[in-house]
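**Q** Got a structure for you, written out below as structure tokens; questions coming shortly.
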Amino acid sequence: MAHVVKIVTSNPGKWEELYTMLSSRGLDCIWIRERVRELQSEDLAEIVLASGIEAYEKWGGGVLLEDSGLFVTALGGFPGPYSAYVFRTIGVKGLLKLMEGVQDREAWFKSAICYISPDGSQSIFTGEVKGILAAEPRGTGGFGFDPIFIPAEGDGRTFAQMTVGEKNLYSHRARAVQKLLKHLGLTG
Ligand code: IMP
């Protein structure tokens, strides 16, 4: 029987990326377009586990949640776990302003996925991608800080200049998903 995965996110961009990867491996994906309370913590895994437990209580087994953030080396890892708040408040422009005149443009996206299986067992999978922050936003795809993130292993385009399939070749989220697929015996 095909696994059914209930993807809990209010973010259509995350849904699209997760759905594309999981459905191509034969998983049935259901979108639960809801926001779940987020714990205040510096640790993405801890945040997503708390949200996952809450989602499991509401929607039962097979729930998948993802928490992510942009960690800028020159800013001591800011905005990190506060990325959603920083994006809503100062946005891409505000972050670029903080980076004005800063030579070290290194940044990381990090992702933590919580999957709680039908029998209630909890698993966390993490992924990261290293890149540099562009001087100006480029591209219209993706979401969040995609217009200013250039993955180190790419061809110089920002994530927002890539298709979902291209972003999924490198992204933090895709790397966490790979580990989940392996756990479910769905790789190779
Ligand atoms: P949360 O995981 O819902 O707490 O939100 C994470 C925030 O980090 C998003 O609102 C974005 O601002 C940023 N973020 C996380 N992953 C990505 C990504 O793949 N592209 C662009 N921004 C991202």
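**Q** Quick one: which residues, 5 or more positions from LYS6 or on another chain, have an amide H under 5 Å from its amide H? H modelled 1.01 Å from N in the peptide plane, none for Pro or chain starts.
**A** Residues meeting the criterion, in which the H sits 1.01 Å from N, are ILE30, VAL63, LEU64.
**Q** Mind listing which trypsin sites (Lys or Arg not before Pro) in the range 1-59 are in a DSSP loop and have 10 or fewer other Cβ atoms within 10 Å?
**A** Sparse-neighbourhood loop trypsin sites (Lys or Arg not before Pro): ARG35, ARG37.
**Q** For the chain, just run the numbers: alpha carbon Rg, then divide by 2.2 N^0.38 Å, N being how many residues it has.
**A** The chain yields a ratio of 1.01.
**Q** What residue among TYR82, ASN11, THR126 has its Cα farthest toward the positive end of the dipole of the chain, where the charges are +1 on Lys, Arg and -1 on Asp, Glu, each on the Cβ?
**A** Result: ASN11.
**Q** Using the Karplus equation 6.51 cos²θ - 1.76 cosθ + 1.60 (θ = phi - 60°), what ³J(HN,Hα) coupling, rounded to whole Hz, does each residue of the range 137-152 give in order, writing x for Gly and Pro?
**A** For the range 137-152, the Karplus curve yields x, 9, x, 10, x, x, 7, x, 8, 3, x, 10, 9, 10, x, 4 Hz.
**Q** Hey, how many Å between the Cα centroid of the range 5-30 and the Cα centroid of the range 88-165?
**A** Measuring centre to centre over Cα atoms gives 18 Å.
**Q** With point charges of +1 on the Cβ of Lys and Arg and -1 on the Cβ of Asp and Glu, referenced to the Cα centre of the chain, which listed residue (GLY52, MET21, GLY141) lies farthest in the positive direction of the dipole?
**A** Of GLY52, MET21, GLY141, it is GLY141.
**Q** Let me ask something else about it. Once phi is turned into ³J(HN,Hα) by the Karplus curve 6.51 cos²θ - 1.76 cosθ + 1.60 with θ = phi - 60°, what whole-Hz value does each residue of the range 49-66 show in order, with x for glycine and proline?
**A** Once rounded to whole Hz, the list reads 5, 4, 5, x, 5, 5, 5, 4, 5, 7, 10, x, x, x, 7, 10, 10, 9.
**Q** Here's another thing I want to ask about it. ARG37 to ARG157: FRET efficiency via 1/(1 + (r/R0)^6), r the Cβ-Cβ distance, R0 41 Å, to the nearest 0.05?
**A** 0.70
**Q** Report the charge-dipole magnitude of the chain in Debye, nearest 20, computed about the Cα centre from +1 at each Lys and Arg Cβ and -1 at each Asp and Glu Cβ.
**A** Charge dipole of the chain: 280 debye, to the nearest 20.
**Q** Taking H placed 1.01 Å from N in the peptide plane, check which residues at least 5 places from GLY69 or on another chain put their amide H under 5 Å from its amide H.
**A** LYS110
**Q** Can you give the extra length, in nm with one decimal, that the chain gains between SER117 and LYS58 once fully stretched, where that is 0.36 nm per residue apart less the Cα-Cα distance?
**A** Working it through step by step, the gained length comes to 19.9 nm.
**Q** Can you list which of the GluC sites (Glu not before Pro) found in the range 121-171 are DSSP loop residues with at most 15 other C-beta atoms within 10 Å?
**A** Within the range 121-171, the qualifying GluC sites (Glu not before Pro) (loop, at most 15 other Cβ atoms within 10 Å) are GLU153.
Bear in mind that the values in this text are calculations on the coordinates, not laboratory data. Predicted model only: the values in this text are computed from it and were never measured. Note: ideal-geometry Cβ built from the backbone for every residue, glycine included; neighbour counts use all protein chains shown.
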